[in-house]
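Worksheet for the structure shown next.
The values are calculated or read from the model by the stated rules, or taken from the named source; none is laboratory data. This structure is a prediction, so every number in the text was calculated from the model and none was measured. Quick reminder, even Gly has a Cβ in these numbers, built from the backbone with ideal geometry, and neighbours come from all protein chains shown. Accessible surface is based on the protein model in full, side chains and every heavy atom, while ligands, DNA and RNA are left aside. Shrake-Rupley method; radii C 1.70, N 1.55, O 1.52, S 1.80 Å.
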Amino acid sequence: PFHSSQEFAVGMLRSAVSEAEKKPALSPLVPHAARTKVLLDHLTSGSVQLPDMPIVAFHGDFSLRNMLVQGDEANLRISALLDWEWGGAKPAYCEWADGSFGEPGAATSSAFQAEAERRGLICQSSPGFSQYLELQQLGEALNPWVVGCFGPDKDAEEIAECREICGRVLQKYKL
């Protein structure tokens with residue numbers, strides 16, 4: 001339903017703001033949600049314009065554990081990608097932003113980065129990539145899935161980290 005990567009980022013941030021505002025456990029993040037609404041106004045009005053990235057097939061858990069490979073050590077190739085439950089169509093930066101649920105793996109490795117650049121694919125050096133990655137981090141920080149899962153001490157730790165991420169990203173937009 002999104003026609004551009006900026007439109008996708010706006011939708012993702014709107015959803016995150018809504019979740020932060022309605023979940024009591026996320027109440028410490030509400031001031032950041034309010035500042036994010038100002039950023040959303042800038043993104044939707046066009047006063048903040050990000051480079052567009054193509055909408056592409058998205059795996060959502062692109063990591064070594066979800067690859068089947070063939071060949072010998074000198075000539076390995078990926079023969080299949082497994083676990084498409086998070087798959088869909090998203091802007092090209094999303095595979096890097098969401099890749100491997102924090103597991104260091106394929107999408108974040110220097111070898112993969114070099115190969116992506118060699119092939120001219122969307123990668124970390126692409127225009128706008130770092131801005132989109134920061135907006136993705138802002139959205140995830142406004143609605144951290146881990147809060148409520150591991151007890152009050154872990155929740156407090158997670159909320160503190162999320163507040164730091166929100167503050168850092170929003171400061172870049174002078175909010």
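Scanning region 139-175 for residues being small (Gly, Ala, Ser) and either under 19 Å from VAL48 (Cβ atoms) or touching a residue at least 60 places away in the same chain (Cβ under 8 Å) (or both) gives a total of 4.
Restricting to region 34-76, and then to whatever is of a type in the set (Asp, Glu) and in contact (Cβ under 8 Å) with a residue 24 or more places away in the chain, can you tell me which residue is nearest to LYS154 (Cα to Cα)? Filtering region 34-76 for residues that are of a type in the set (Asp, Glu) and in contact (Cβ under 8 Å) with a residue 24 or more places away in the chain, the one nearest to LYS154 (Cα to Cα) comes out as ASP61. Before we move on, is PRO31 over 16 Å from the mean Cα position of the chain (by Cα), free of Cβ contacts under 8 Å to residues at least 24 places away in the same chain and part of a loop (DSSP other than H, G, I, E, B)? No: the conditions fail for PRO31. When VAL10, VAL17, VAL38 are checked against the criterion of being surrounded by fewer than 16 Cβ atoms within 10 Å (Cβ to Cβ), assigned to a helix (DSSP H, G or I), at pLDDT 95 or above and among the hydrophobic types (A, V, I, L, M, F, W, C), a single residue qualifies: VAL38.
Please give the number of the condition ALA74 fails out of (1) farther than 26 Å from MET12 by Cα; (2) in contact with a strand residue (DSSP E or B) (Cβ under 8 Å, 6 or more places away or on another chain); (3) among the small types (Gly, Ala, Ser). Result: ALA74 fails condition (2) only. Of the helices (runs of 4 or more DSSP H) lying entirely inside region 61-175, those carrying at least 1 residues that are open to solvent by 50 Å² or more (accessible area, probe 1.4 Å) and at pLDDT 90 or above are 129-142, 152-172.
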